[in-house]
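Below is one structure; the comments refer to it alone.
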Amino acid sequence: MALPPQHPETASHPDKRSSDRAEFDRKLARALAELAATGMWRSNYDPAPDRWLRRRGLRLRPPHYRDPWLYGLGLGVHFAVTWGVLMWLFVWSAEGMPVSLAIGAASAAGVGFGLFMALHMAWGRRRHRLTRWEEL
């Protein structure tokens, strides 16, 4: 069985991966402590899906330390697809709504939700005066 290819920077330096992981873990611990000190609910700053993905090896920053626009884009796409499919299955198809209109409505809802969440994360970061990820 062949091993997956390694990234050129870490192929010749196996210790780099472990030091990168240790650096991420250190920053994550500091970020979570800083977020806990704000009084925010843990489910807002360290959602269960994020914890699950981290346990599987994904290096995922807490939401308030991510790029708010990319975070909003991801949530918007997820919302549009999930909400659109559910609405199509339970409401729109029975009403005879054209598929193109359903896709447009789901897309508009996803854009609105994603934009709101991006602004909410940016506002939360400012409101709580959180340290930038690079400075943790």
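Coordinate-derived values only; no laboratory data. As the structure is a computational prediction, the values presented were derived from the model and not from experiment. Note that each Cβ is placed from the backbone with ideal geometry, even for glycine, and that neighbours are counted across all protein chains shown.
In the range 121-132, how many residues are assigned to a helix (DSSP H, G or I) and either surrounded by fewer than 17 Cβ atoms within 10 Å (Cβ to Cβ) or over 18 Å from the mean Cα position of the chain (by Cα) (or both)?
4
Listed residues M87, M40; which is more than 20 Å from the chain's Cα centre (by Cα) and surrounded by 14 or more Cβ atoms within 10 Å (Cβ to Cβ)? Before you say what the answer is, go through the steps one by one.
Details: M40 fails: more than 20 Å from the chain's Cα centre (by Cα).
From the options M87, M40, the qualifying one is M87.
Across the range 53-66, what is the total count of residues that are surrounded by fewer than 14 Cβ atoms within 10 Å (Cβ to Cβ) and without any contact (Cβ under 8 Å) to a residue 12 or more places away in the chain?
Total satisfying the criteria: 5.
Go through the range 98-114 and give me each residue that's surrounded by fewer than 16 Cβ atoms within 10 Å (Cβ to Cβ) and part of a helix (DSSP H, G or I). Reasoning before the result, please.
Our first condition is that a residue be surrounded by fewer than 16 Cβ atoms within 10 Å (Cβ to Cβ); within the range 98-114, this holds for 98-101, 103-104, 107-108, 112.
V99, S100, L101, I103, G104, S107, A108, G112 - these are the residues of the range 98-114 that are surrounded by fewer than 16 Cβ atoms within 10 Å (Cβ to Cβ) and part of a helix (DSSP H, G or I).
Which of the residues that make up the range 52-74 are under 11 Å from the mean Cα position of the chain (by Cα) and part of a helix (DSSP H, G or I)?
L53, P63, H64, Y65, P68, W69, L70, Y71, G72, L73, G74
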